[in-house]
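So the structure is just underneath, and the comments pick up after that.
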Amino acid sequence: MRCTDIYIHPSLLGQGLMVRISFDGVTGMEYWANYSMTAIFFLLGLALPAAAFTVGRWLRPHHPSAAKIITYESGVDPFGDSRVQFHVRYYLFALLFVIFDVETVFLYPWAVAYDTLRQDVGLFVLVEMLIFVLFLFIGLIYAWKKKVLEWK
Amino acid sequence: MLANAWVIPLLPLAAFVLLLAGGRRWKEGVAAWVGSIAVLAACVWSLGVLAVVPGGTGRKMEIPWLSLGDTVITMGMEVNRLNALMLLIVSLVSFLVHVYSRGYMRGDERFSVFYAYLALFTFSMLGLVISPNLLQFYIFWELVGVCSFLLIGYWYYKPEAKAAAKKAFILTRIGDVGLFIAVILAFWHTGTLEISGVIQAVQDGKVEAGIVTLIALLIFAGAVGKSGQFPLHTWLPDAMEGPTPVSALIHAATMVAAGVYLVARTFPLFEASPVAMDTVAYVGAFTALFAASIGLVQNDIKRVLAYSTVSQLGYMMLALGSAGYTAGVFHLMTHAFFKALLFLGAGAVIVALHHEQDIRRMGGLWNRHKGAGVLFLIGCLAISGIPPFSGFFSKEEVLLSAWQDGRWGVFAVGVLASFFTAFYMFRLFFLVFAGEYRGKGQPGPVSSGMMWPMGVLAALALLAGFAEFPGGWLSHWLTEETGIPAGHGSAPVWLPLLTVSIAAAGIALAWGMYVKQSVSPEQWRARAPWGYRVLLHKYYVDEGYAAVIALPYKGLSIFLRGFDRYVVEGLVRLATAAVQTAARVSTRLQNGQVQTYALISVIGLVLLMIGLAAGRLF
Amino acid sequence: MEKVLLDYDWTVMAPEIIIAAAAALLSLADLFLRENTDRRFFSWFSLAAVIAAIFFTVSRFGQQPYEILGDTYRVDDFALAFKTAVLSGVGLVFLLSAWGVRQEEIRFRGEYDYLLLAAALGAMIMTSSADLITLFVGLELLSISSYILAGIHRERYASNEAAWKYVVQGGVASAFILYGMSFVYGLTGSTNLYTIQQRLVEAYQTGYDAFVLLSLFLMLLGFGFKIASAPFHMWVPDVYQGAPTPVTSFLAVVSKTAAFALVLRIVLVGYIFLYQMQIWQQVVEPVLLVLAGLSMVIGNTAALHQTDTKRLLAYSSVAHAGYLLVPLSTLGAVLFESTFYYLIAYLVMTMGAFTVAALLEREAGHGNISGFAGLSRRSPGTAAAMTVFLLSLAGIPVTAGFFGKFYILMNALSTQHFWIAGIMVGTTVISYYYYFGIIRQMYFRPPASKDRMRVPMVPALLLVIGILGTVGLGVVPEWAVHWIGDLQWMSALTPLNAGPPGP
């Protein structure tokens, strides 16, 4: 695979670089060859936990007791009735968390690239982000007024 | 006046809107006045137009209505001499019927609705007459069909009326399909919908002869449906279930003549195709005789007139088919007057006899209703072709055109049909007006509002013939600058003698049978050969007719009915069943499960892609 | 030199900004107003915002195409025309909501209005995006708002069910669209439609033809869902029936119009080269025509068995989607004109029909067709109006629906697609049966109660608008056709600063 042309979409700089790889005279077979990287990652993904468990098996001492062999995950028994009832507030908090998480993910590269962007598009980059934050802020007010933030 | 002739149809339309809005709140008188005045105004305007309309292509005015690519469909009007004459006939008869209906429909619950329908019909018919292009013509053509449907079924609580309305609508639709295909074909091959444009293209030889014939025949199919020609004639007698003024206006004078008008309007198309001309002539002649022979034995006063209408329309077609353009139009005009007169007279009789329509229970009305009797007699004389009544001149023109076109058979059939006509008309007249009253109770009065429209029509029936005789003024006026031959010159001397004596023979026979009763059926059976018996004795004529003409026809109809029931209806059932099954399947799939929905979408996509892959492979 | 903020003509985005601001304002107002305050004025406020947006949209007609936001947002005649249609539809929906959505029935009266605005914003973005990402964002904004709107009647099971089904099916559809788009991106390395236009050809010619077609068909599944065409229509009846009637009318009119804008834009800009290479005729056209034919057949036949008005209209909407697909598949000379004319016609007649449905639903307390019984005696005006709308939906002459169908039929015939024209005519005849079924109910069935039905001002106004539109478009189609024909439709297909479009 030969990369002959790297294309950067200027409008999307804030969201990371978009790289276009154009293929010079590649055939269908070579297209499939592009997936070889995916395949390697897939195999690696399989091999890594397998290796970790195997190596652990070799290294650790083996003295099982009733308390030690139960599976657990962050202090919660993962087995049980599939219809586990969580409090609905969990979901609301989870949603809020995701929203602000995304905000951070978006803000961070923006902050890093701020100077470059400033030169390109001017003050608009700031206005753009302010609009985004404003709408998120309205969302926060919404959550607040709808009493999502209170645990009752 | 001429430039604004498009206003003429709008007057009754305005009346229709007013009547619809005023609705049942208005008294009968108000509704009748609104309708009558609007139509009278249209009539006066038409008269003005008639006076000034130039010859040739007349006056045309159009506005673009719709553009499809390069083709512009227009709406507008075209007034030439034929149209102007039709405008006057339609608005005049319509006006008289409007006035007459005031008396006839008195006390009807939906009086204003009736007037609204009449106004709508008048609008549609006038619109049809001045249509410059085939599409507009077709729209109005359908609209008059709808009005006819509404008016036949006006007494919708009578099951026969409902059935008749449906039958009329469906049977004429059969012809309409033909007309519609003709419109499309004409558009396809000439690139225009303008009637004049199509004619021009045909005359310039831009269209293949076969296509011209096809278009002409399909147009004729539309005319056959509308004008009750054989074999689509059966709706017209049934249409008599409608109120009598409607029969007079729609099913005698105007709408049924629309078929004839259509052929006349597109006459150059027919002229360009000998096959089409033959077809028109033969179908017309056959219908003329066929319907007249049925008319001989009917006992319902309106049905006799209905068959007579079919027969007379056959005459007009016969004339057109024999290149007798002016003869056909002339007969159309005179027939509109005398047949409307006869229907209105019949209506008067029906009102006087408290809605009795069986002529066997009438009789002796001459003494009580001399006025109506005289007017009815004028109508009968006119239709039978007795000089100097208008029917004599027009019928003679019709027969003359058949004779000079060299169609001996058609001519003979026409003469025979004219004998029948005279006989059944006077049979009707004598049974109704002569002898003793055979019904129950006492005949009632007839209002003067019903009488004077008949008077006007009678005057026209008496005088309309002189538009052509002597000197051929009408045919000259009609054909001036149109390129259609005006007439056939003078008639041979023996022709009027023949027609008059034939008519007189018919009348005499009727008189002998129903007044003097010198021709007793039993004596005749003993004395005369069997052919006479069959023809003259009305009971045996029925059976003789059944044996000679109707039996093969009946056989055919049984076959056709079987075909219709098992093949056509089967196909129809199959189609409905298929639709129903499709409906059931798609409703069944709609089971409310989202999984199924998504599955169907995905299966759909997969099938499409498989089809696609398969399509690409082959 | 790169452009800076003030170099851009921001007025081109005025309609979007107005709608977004109105939505933001309303959502804040809703939060800070007391709970029992009547929020009906929200609808009027939104209507005012929509009218202002329409004003700014219409005032831009006839100007050169303009791109903004890094060439992701494009304002051309195509976008403006569809935006006008979408906004007019939304305006009518707000009018209907001002009367038809009551706080005592729907607790979140305020949310209803600003979600509708958000959905409208999504629809507007869909009409004028020039980039797959903005297109998708618009689509999702519209879809997610619609999901909530469908379920906004929280106390009704039908409404809940509708929302749930809609969200699941909509999610599936979005996934397919995204999958298709990812193939496009993989093949061209760009999300800009006009860049895609150039590079997709190269990709096609260099051996990726199957992937190009695959991307199209994957997206078609999603688009089929959005425009409610068979066999991706299964959600339609359930959702239309369950959603509150104004929302249903929104889905039927606005959602469909915006989706058609999206489909036309993506398919025509991205894949038009297939037509020049004769591949369209062999591959894409049959598929689209099959979808169209299937929609007509299924929509019109399944409607025969329906007893619920909104469900019946849902199937009718499927059928109309079928008619609308015909010009796209045959790519006749008047593709844009006939599609857009039909969409406008569909907008006025469907809004009218849904107004009557909403009136009767309120009056009778149920949505069954039997509610129409004897309407001619209880409210002759409403019955007459409904008759006009039904005749138009059925495509009877001198109504908007007739000319819409006539155009499409002409389009099909002029491109020699006789079989689809046949199906169209045949299924139209079938459709008479159920449309006339309602007319029969109105005129020949005895009414359930003898009282006259009162028609309040607002729905009466809607009916008048509907009739004026339906009859006006039918009697003088020339005006609308002229206006539509004068628009620079083809400018939608070419990048900025490019020569005239190819053959």
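The values are calculated or read from the model by the stated rules, or taken from the named source; none is laboratory data. In this text, all values refer to a predicted model and were calculated from it rather than measured experimentally. So basically every Cβ, Gly included, is an ideal-geometry build from the backbone, and we count neighbours across all protein chains shown.
Quick rundown of the values:
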{"quantity": "Conditions (1) part of a helix (DSSP H, G or I); (2) more than 19 Å from C:Ala20 (Cβ to Cβ); number of the one not met by A:Met129", "calculated": "(2)"}
{"quantity": "Residue in the stretch C:45-64 that is within 17 Å of C:Glu16 (Cβ to Cβ), surrounded by fewer than 18 Cβ atoms within 10 Å (Cβ to Cβ) and touching a Ser or Thr at 6+ places or on another chain (Cβ under 7 Å) present", "calculated": "yes"}
{"quantity": "C:Asp209 vs. criteria under 26 Å from C:Ala302 (Cα atoms) and either at the interface with chain B (Cβ under 8 Å from one of its Cβ atoms) or at pLDDT below 90 (or both)", "calculated": "no"}
{"quantity": "Matching residues, the stretch C:421-451, being of a type in the set (D, E, K, R) and assigned to a helix (DSSP H, G or I)", "calculated": "C:Arg440"}
{"quantity": "B:His355 being free of Cβ contacts under 8 Å to residues at least 24 places away in the same chain and either closer than 24 Å to B:His98 by Cβ or crowded, with 24+ Cβ neighbours inside 10 Å (or both)", "calculated": "yes"}
{"quantity": "Residue satisfying all of: in the stretch C:467-487; within 12 Å of chain B (Cβ to nearest Cβ) and among the β-branched types (Val, Ile, Thr); farthest from C:Val398 (Cα to Cα) among these", "calculated": "C:Ile484"}
{"quantity": "Residue within the stretch B:412-424 that is touching an Asp or Glu at 6+ places or on another chain (Cβ under 6 Å), surrounded by 24 or more Cβ atoms within 10 Å (Cβ to Cβ), part of a helix (DSSP H, G or I) and not aliphatic (A, V, I, L, M) present", "calculated": "no"}
{"quantity": "Some residue of the stretch C:75-85 being assigned to a strand (DSSP E or B), touching a helix residue (DSSP H, G or I) at 6+ places or on another chain (Cβ under 8 Å) and farther than 22 Å from C:Asp486 by Cα", "calculated": "no"}
{"quantity": "Qualifying residue in the stretch C:297-305 (condition: of a type outside the set (Phe, Trp, Tyr), part of a helix (DSSP H, G or I) and more than 12 Å from every other protein chain (Cβ to nearest Cβ))", "calculated": "no"}
{"quantity": "Residue within the stretch A:77-99 that is at pLDDT 85 or above, more than 27 Å from C:Leu25 (Cβ to Cβ) and part of a helix (DSSP H, G or I) present", "calculated": "yes"}
{"quantity": "Enumerated helices (runs of 4 or more DSSP H) restricted to the stretch C:111-225, each holding at least 3 residues that are buried (at least 19 other Cβ atoms within 10 Å of the Cβ), under 24 Å from the mean Cα position of the chain (by Cα) and of a type in the set (Ser, Thr, Tyr)", "calculated": "C:132-150"}
{"quantity": "Residue match in the stretch A:51-59 (condition: of a type in the set (S, T, N, Q), more than 30 Å from A:Lys147 (Cα to Cα) and surrounded by 10 or more Cβ atoms within 10 Å (Cβ to Cβ))", "calculated": "yes"}
{"quantity": "Meets criteria (modelled with pLDDT of 70 or more and either within 42 Å of the chain's Cα centre (by Cα) or more than 30 Å from C:Ile298 (Cβ to Cβ) (or both)) for B:Val541", "calculated": "no"}
{"quantity": "Scope the stretch B:78-93; condition of a type in the set (S, T, N, Q) and within 17 Å of B:Leu10 (Cβ to Cβ); matching residues", "calculated": "B:Asn83, B:Ser91"}
{"quantity": "Hits in the stretch A:115-133 (condition: surrounded by 14 or more Cβ atoms within 10 Å (Cβ to Cβ), free of Cβ contacts under 8 Å to residues at least 24 places away in the same chain and more than 11 Å from chain C (Cβ to nearest Cβ))", "calculated": "A:Met129"}
{"quantity": "Filter result for B:Gly371 (surrounded by fewer than 24 Cβ atoms within 10 Å (Cβ to Cβ), in contact (Cβ under 8 Å) with a residue 12 or more places away in the chain and assigned to a helix (DSSP H, G or I))", "calculated": "yes"}
{"quantity": "Extreme residue, surrounded by the fewest Cβ atoms within 10 Å (Cβ to Cβ), among residues of the stretch B:260-291 that are touching a Ser or Thr at 6+ places or on another chain (Cβ under 7 Å) and closer than 19 Å to B:Leu400 by Cβ", "calculated": "B:Ala281"}
{"quantity": "Subset of the stretch C:448-478 [over 16 Å from C:Leu375 (Cβ atoms) and of a type in the set (S, T, N, Q)]", "calculated": "C:Thr470"}
{"quantity": "So C:Val348, is it assigned to a helix (DSSP H, G or I), buried (at least 24 other Cβ atoms within 10 Å of the Cβ), touching a helix residue (DSSP H, G or I) at 6+ places or on another chain (Cβ under 9 Å) and away from chain B (no Cβ under 14 Å)", "calculated": "yes"}
{"quantity": "Among residues of the stretch C:189-206, those that are under 22 Å from C:Leu139 (Cα atoms) and within 8 Å of chain A (Cβ to nearest Cβ), counted", "calculated": "4"}
{"quantity": "Only listed residue being crowded, with 18+ Cβ neighbours inside 10 Å, within 28 Å of B:Tyr104 (Cα to Cα), touching a Gly at 6+ places or on another chain (Cβ under 6 Å) and without any contact (Cβ under 8 Å) to a residue 60 or more places away in the chain, chosen from B:Phe140, B:Phe149", "calculated": "B:Phe140"}
{"quantity": "Enumeration of residues in the stretch B:374-402 that are surrounded by fewer than 24 Cβ atoms within 10 Å (Cβ to Cβ) and outside any helix (DSSP H, G or I)", "calculated": "B:Ile386, B:Pro387, B:Pro388"}
{"quantity": "Residue that is within 11 Å of another protein chain (Cβ to nearest Cβ) and touching a residue at least 24 places away in the same chain (Cβ under 8 Å), where the choices are C:Phe250, C:Phe217, C:Phe273, C:Phe223", "calculated": "C:Phe217"}
{"quantity": "Qualifying positions in the stretch B:44-88 - part of a loop (DSSP other than H, G, I, E, B) and modelled with pLDDT of 80 or more", "calculated": "B:Asn80"}
{"quantity": "Sole exception among (1) modelled with pLDDT of 85 or more; (2) more than 14 Å from chain B (Cβ to nearest Cβ) for C:Pro495, by number", "calculated": "(1)"}
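For every residue, the table says whether it meets (1) modelled with pLDDT of 85 or more; (2) surrounded by fewer than 20 Cβ atoms within 10 Å (Cβ to Cβ).
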residue: C:Gln416; (1), (2): no, yes
residue: C:Tyr435; (1), (2): yes, no
residue: C:Ala448; (1), (2): no, yes
residue: C:Met457; (1), (2): yes, yes
residue: C:Leu461; (1), (2): yes, yes
residue: C:Gly485; (1), (2): no, yes
residue: C:Pro500; (1), (2): no, yes
